[in-house]
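Chemist: My structure is below; once you've seen it, I'll send some questions.
The values are calculated or read from the model by the stated rules, or taken from the named source; none is laboratory data. In this text, all values refer to a predicted model and were calculated from it rather than measured experimentally. Note that we place each Cβ from the backbone using ideal geometry, even for glycine, and neighbour counts take in every protein chain shown.
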Amino acid sequence: MTANQIRQAFLDFFRSKEHMIVPSAPMVVKNDPTLMFTNAGMNQFKDIFLGNEPAKYPRVADTQKCLRVSGKHNDLEEVGHDTYHHTMFEMLGNWSFGDYFKKEAIDWAWEFLVDVCGLDRDRIYATVFEGSPEENVPFDQEAWEEWAKFLPASHILKGNKKDNFWEMGDTGPCGPCSEIHFDLRDEAERAKVDGASLVNQSDPQVIEIWNLVFMQFNRKATGLLEPLPAKSVDTGMGFERLCMVIQGVKSNYDTDVFQPLLKKIAELSSHPLTGSTAQPQLVAMRVIADHLRTICFSIADGQLPSNVKAGYVIRRILRRAVRYGYTYLGLREPFMVRLVPTLIEQMGEQFAELRANRELMEKVIYEEENSFLKTLETGISLLDKIMVSAKVISGKDAFVLYDTFGFPIDLTELIARENGVTVDLEEFTKELEIQKNRSRNAAAVENDDWVELMPITRSEFIGYDCTECEVKIARYRRTKTKTKTQYQLVFDQTPFYGNSGGQVGDVGFIESVNERIEIVDTLKENNLTVHITDSLPENPQASFRAVVDREKRAASAANHTATHLLHKAMRDILGTHVEQKGSLVTPEYLRFDFSHFQKVTPQEIREIERAVNRAIRANALCDENRACTMEQAQEIGAMMLFGEKYGEAVRVIRFGDSVELCGGIHCTATGDIGLFKITSEGSSSAGVRRIEAITAAAAEQSVYNYEDAIAEINMITGSPKTVEAVRRAVTERSELEKELEALRQSRDNEIVKKLREAGAEIIVERLDLPVESVKYIAFELKKSAKAVVIGSNYGGKPTLSVGLSDDAVKGGLSAGNIVREAAKLMQGGGGGQAHFATAGGKNPDGLSAAVAAAESIVRN
């Protein structure tokens with residue numbers, strides 16, 4: 001039976017027993033503060049068991065997607081290293097809410113496993129609760145007698161409270177349970193050791209496949225047990241384990257639940273699926289296959305990778321998988337995303353959410369992989385150097401990796417643990433707190449008290465209608481940081497727009513008869529417009545003319561109005577799911593963050609640009625309503641930013657079809673923008689994209705820059721046909737690179753041939769060649785030699801490479817350990833795998849000594 005057939009057989013069987021087949025609840029829990037992820041089949045029925053809601057059906061069955069990566073149930077560290085633990089798994093279950101009880105649950109479990117699935121009854125063991133005299137709970141005689149109808153007494157085992165009494169929590173429904181175990185061992189092994197002695201002893205070949213929980217008590221807050229008025233049944237069977245048993249294999253990973261994924265990973269990495277299951281490459285493949293399922297189901301259920309709570313758990317799992325692929329399979333480009341179609345082909349029929357969210361899953365996974373891979377190489381290199389001479393990674397070093405290079409602390413822990421090294425987490429936490437305090441201190445501003453010259457409660461903003469006016473300073477104060485002293489001025493009225501709504505504040509000046517003071521920034525603070533200057537007027541009580549920098553104001557207005565047109569165009573072209581998630585409007589450019597779960601294609605960008613520029617050419621006038629009610633704004637379909645606070649009266653800005661609530665500065669008409677050009681599009685965070693664009697004079701200048709660049713290319717190539725000339729140059733370069741590679745390969749093969757003819761078991765050479773050549777030569781030579789030690793000073797950078805045969809590795813040697821030790825002699829460090837490793841150094845003069853040391857270790 002295939003995995004899909006096994007799942008369907010289970011559901012069909014319990015449908016025949018009058019069970020309602022219900023869909024799986026989401027794996028990501030949104031409405032339970034005690035739980036981030038569904039970790040058991042009964043989670044969605046918890047309120048029924050607690051008596052908070054009635055059961056819709058007396059009998060229910062389903063397959064529930066579960067995740068166990070945190071808290072009490074955390075199988076993360078076992079994944080890939082054993083045969084049966086997973087992060088995401090399916091749990092087949094059947095429930096009775098006050099309907100049938102032990103007899104039916106046991107009878108049907110036996111019928112399904114033996115009659116439907118065809119399992120060997122001689123390999124089945126059942127456990128029953130031995131009883132608890134201190135809690136006045138007797139031995140579960142009823143379950144024993146029911147099992148005795150099917151199994152000999154030697155296959156019915158008594159279990160203690162830890163294994164055979166299930167409780168939801170400190171209080172609530174609970175009761176004895178009966179576990180079903182299966183013995184996978186070969187006949188010869190079974191003849192030597194009785195399977196009964198291995199039940200619940202963590203033997204990977206004698207495993208639990210199904211747990212039947214009989215809820216018959218309620219645990220009171222006092223700890224006492226009282227009988228429930230209605231007894232219930234809650235069962236859970238590991239789908240992956242059941243497939244292993246039915247398909248007659250010794251590992252969940254050998255079933256067709258995982259084999260298609262593992263074969264695809266093997267194809268992508270060019271590593272075989274054969275060999276010892278303890279080999280790092282095979283462990284890595286199993287980890288990746290397991291983690292991919294977790295990531296895809298989480299995204300399909302609405303949980304994107306992020307830096308907080310459940311999102312951080314998913315990001316951590318994704319990065320963990322990427323690191324395994326990078327380190328053990330040599331995968332340097334995004335590869336997880338290429339596994340998504342295989343998973344959907346396997347499980348998309350049962351879980352339609354995978355098919356429905358394929359595009360979202362692929363886009364999110366690709367972005368996360370691509371981003372993390374950029375961090376990974378630097379982080380691992382630095383970590384290897386730290387671990388050369390340290391058995392404990394200091395908190396300071398771990399913090400540098402985290403703070404400077406973006407290397408997650410949990411990944412540092414994982415890699416350290418694999419190398420027998422620990423991390424000083426206490427010191428890391430202290431360093432993290434020091435940084436937070438440093439940031440707070442650096443940003444701290446020492447403010448003097450306000451000097452009040454005239455009483456006002458608010459500074460009237462008149463900048464919508466003018467860019468200059470007469471003002472008086474109502475109050476001022478001095479501010480000091482470690483680097484400079486400035487002054488904050490509040491006027492009785494002002495044409496200066498204060499930084500708010502994403503638009504930066506105006507700059508300009510105030511002047512009197514005797515002096516001119518530059519306004520370097522304008523802020524909004526406690527309903528006041530605050531003007532920042534580097535000096536205080538000699539006579540603060542004088543009257544001043546306040547003048548906004550009109551050129552920068554106009555540039556900001558053009559970018560702000562363009563932001564509105566951009567928002568409208570994107571909703572029209574990409575879909576109404578596009579919503580503003582943040583913006584920045586400056587005189588130089590605009591930045592717009594928006595909800596969208598995939599990269600905006602070049603074709604879509606061009607279409608958006610054309611739509612915005614059409615709106616600009618339409619020269620729609622600014623239709624402004626400064627006293628619109630929220631009800632009126634909603635009636636006319638004005639866009640409102642989620643999370644933004646609005647008063648009873650709002651300002652509505654309309655340019656043609658674009659209608660938004662906005663308090664910023666805008667053009668008189670869209671034609672004032674002149675030209676709109678998108679300069680970049682990328683990811684801001686999971687599910688949020690970012691566009692940057694320019695308008696007006698900046699956009700015009702960008703056209704000139706492009707023209708100048710093309711003219712220069714034409715001059716260099718001597719051809720007016722730029723594209724053809726560049727294409728020809730690229731083609732010629734590619735051909736030259738191929739010729740160079742062929743020459744390099746020929747040279748390397750000659751070196752291999754010459755060294756191999758010497759017939760030495762241990763080859764030690766100095767080859768000042770690129771690292772790719774050294775690696776190739778070492779791998780070729782270690783096919784016939786036991787060990788290869790190569791020193792190189794190519795480009796003035798000393799490196800030491802060690803390659804070992806399989807026999808040498810089996811004999812206890814590790815190339816990684818050898819290069820770490822020997823590289824100290826050239827002031828360097830490095831690492832790698834047992835078969836091949838490379839180390840770099842700072843001191844070329846120490847290269848010969850490092851080579852000699854490596855040779856000595858190998859020979860001894």
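Chemist: Of a type in the set (V, I, T) and buried (at least 20 other Cβ atoms within 10 Å of the Cβ): which single residue out of I519, I532 fits that description?
Modeler: Answer to the selection: I519.
Chemist: Exactly one condition in (1) under 26 Å from M244 (Cα atoms); (2) within 41 Å of the chain's Cα centre (by Cα); (3) outside any loop (DSSP other than H, G, I, E, B); (4) not acidic (D, E) is not met by S96; state its number.
Modeler: The single condition S96 does not satisfy is (1).
Chemist: Would you pick out the residues in region 477-494 that are assigned to a strand (DSSP E or B) and out of contact with any Ser or Thr (no Cβ under 9 Å at 6 or more places or on another chain)?
Modeler: R477, K480
Chemist: Within region 813-833, count every residue that is assigned to a loop (DSSP other than H, G, I, E, B) and in contact with a Leu (Cβ under 7 Å, 6 or more places away or on another chain).
Modeler: Result for region 813-833: 1.
Chemist: Looking for whichever is of a type in the set (V, I, T), within 21 Å of E692 (Cβ to Cβ) and surrounded by fewer than 19 Cβ atoms within 10 Å (Cβ to Cβ) here; the options are I573, I608, I616. Which one fits?
Modeler: Going through I573, I608, I616 in turn, the sole match is I573.
Chemist: Of the numbered conditions (1) part of a helix (DSSP H, G or I); (2) of a type outside the set (S, T, Y); (3) in contact (Cβ under 8 Å) with a residue 24 or more places away in the chain, P540 satisfies every one except a single condition; which is it?
Modeler: All conditions pass for P540, except number (1).
Chemist: Can you report the number of residues in region 715-761 which are surrounded by fewer than 15 Cβ atoms within 10 Å (Cβ to Cβ) and under 21 Å from N793 (Cβ atoms)?
Modeler: 3
Chemist: Taking only region 270-299 into account, find how many residues are under 24 Å from S814 (Cα atoms) and either among the aromatic types (F, W, Y) or assigned to a loop (DSSP other than H, G, I, E, B) (or both).
Modeler: Total meeting the criteria: 10.
Chemist: If you check A834 against the conditions, is it touching a strand residue (DSSP E or B) at 6+ places or on another chain (Cβ under 9 Å), outside the structural domain of N419 (by TED's automatic domain parsing) and surrounded by 21 or more Cβ atoms within 10 Å (Cβ to Cβ)?
Modeler: It is false that A834 is touching a strand residue (DSSP E or B) at 6+ places or on another chain (Cβ under 9 Å), outside the structural domain of N419 (by TED's automatic domain parsing) and surrounded by 21 or more Cβ atoms within 10 Å (Cβ to Cβ).
Chemist: Just checking, how many residues over region 145-154 are part of a helix (DSSP H, G or I) and more than 48 Å from the chain's Cα centre (by Cα)?
Modeler: Qualifying residue count, region 145-154: 5.
Chemist: Moving on to the next point. Give the residue that is nearest to N559 (Cα to Cα), with candidates limited to residues of region 505-533 that are modelled with pLDDT under 95 and among the acidic types (D, E).
Modeler: By that ranking, first place goes to E525.
Chemist: Only residues that are among the hydroxyl-bearing types (S, T, Y) and part of a helix (DSSP H, G or I): list them for region 694-712, please.
Modeler: Hits for region 694-712 are S702, Y704, Y706.
Chemist: Checking V392 against (1) crowded, with 17+ Cβ neighbours inside 10 Å; (2) farther than 27 Å from S683 by Cα; (3) touching a strand residue (DSSP E or B) at 6+ places or on another chain (Cβ under 6 Å), only one condition comes out false. Which one?
Modeler: Going through the list (1) crowded, with 17+ Cβ neighbours inside 10 Å; (2) farther than 27 Å from S683 by Cα; (3) touching a strand residue (DSSP E or B) at 6+ places or on another chain (Cβ under 6 Å), V392 breaks only (1).
Chemist: Can we say V788 is in a helix (DSSP H, G or I), in contact with a Leu (Cβ under 7 Å, 6 or more places away or on another chain) and modelled with pLDDT of 90 or more?
Modeler: No; evaluated as a whole, the condition is false for this residue.
Chemist: Same structure again: S773 fails exactly one of the following numbered conditions: (1) surrounded by fewer than 18 Cβ atoms within 10 Å (Cβ to Cβ); (2) assigned by TED's automatic domain parsing to the domain that holds A852. What is the number of that condition?
Modeler: (1)
Rundown of residues vs (1) at pLDDT below 95; (2) not in a loop (DSSP other than H, G, I, E, B), yes/no style:
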site: E588; (1), (2): no, no
site: K599; (1), (2): yes, no
site: A611; (1), (2): no, yes
site: G637; (1), (2): yes, no
site: Y646; (1), (2): yes, no
site: V650; (1), (2): yes, yes
site: H666; (1), (2): no, no
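Chemist: Now for a separate question. Among the numbered criteria (1) closer than 27 Å to D170 by Cβ; (2) out of contact with any Ser or Thr (no Cβ under 8 Å at 6 or more places or on another chain); (3) among the small types (G, A, S), which one does G248 miss?
Modeler: Unmet condition: (1).
Chemist: Can you find even one residue in region 300-317 that is surrounded by fewer than 24 Cβ atoms within 10 Å (Cβ to Cβ), among the small types (G, A, S), in a loop (DSSP other than H, G, I, E, B) and not assigned by TED's automatic domain parsing to the domain that holds F182?
Modeler: Taking every residue of region 300-317 in turn, at least one turns out to be surrounded by fewer than 24 Cβ atoms within 10 Å (Cβ to Cβ), among the small types (G, A, S), in a loop (DSSP other than H, G, I, E, B) and not assigned by TED's automatic domain parsing to the domain that holds F182.
Chemist: Of the residues that make up region 41-52, is at least one farther than 22 Å from T87 by Cα, of a type in the set (V, I, T) and at pLDDT below 85?
Modeler: Looking through region 41-52, at least one residue is farther than 22 Å from T87 by Cα, of a type in the set (V, I, T) and at pLDDT below 85.
Chemist: If you go through region 614-622 one residue at a time, do you hit one that is out of contact with any helix residue (DSSP H, G or I) (no Cβ under 8 Å at 6 or more places or on another chain) and within 29 Å of E359 (Cβ to Cβ)?
Modeler: Checking region 614-622: at least one residue is out of contact with any helix residue (DSSP H, G or I) (no Cβ under 8 Å at 6 or more places or on another chain) and within 29 Å of E359 (Cβ to Cβ).
Chemist: Next question, about the same structure. Does A352 satisfy being closer than 21 Å to S306 by Cα, small (G, A, S) and free of Cβ contacts under 8 Å to residues at least 40 places away in the same chain?
Modeler: Against the criterion (closer than 21 Å to S306 by Cα, small (G, A, S) and free of Cβ contacts under 8 Å to residues at least 40 places away in the same chain), A352 does not qualify.
Chemist: Still on this model: Please pick out the residue among G582, G671 that is assigned to a strand (DSSP E or B), touching a residue at least 24 places away in the same chain (Cβ under 8 Å) and exposed (fewer than 15 other Cβ atoms within 10 Å of the Cβ).
Modeler: G582
Chemist: Got a sec? Which helices (runs of 4 or more DSSP H) wholly within region 155-269 have at least 2 residues that are free of Cβ contacts under 8 Å to residues at least 40 places away in the same chain and in contact with a Leu (Cβ under 9 Å, 6 or more places away or on another chain)?
Modeler: Result: 259-269.
Chemist: Still on this model: Would you mind telling me which numbered condition in (1) more than 28 Å from V283 (Cβ to Cβ); (2) under 39 Å from the mean Cα position of the chain (by Cα) W210 fails?
Modeler: Failed condition: (1).
Chemist: May I pose another question? So which pairs qualify, if the first residue must be in region 768-797 and among the acidic types (D, E), the second must be modelled with pLDDT of 90 or more, the Cβ gap must be under 7 Å, and the two must be at least 6 apart or on different chains?
Modeler: Here the result reads D768/S792; D768/N793; D768/Y794; E780/V752, each pair linking region 768-797 to a residue that is modelled with pLDDT of 90 or more.
Chemist: Which of the following residues is in contact with a helix residue (DSSP H, G or I) (Cβ under 6 Å, 6 or more places away or on another chain) and crowded, with 19+ Cβ neighbours inside 10 Å: L292, L273, L282?
Modeler: It is L292.
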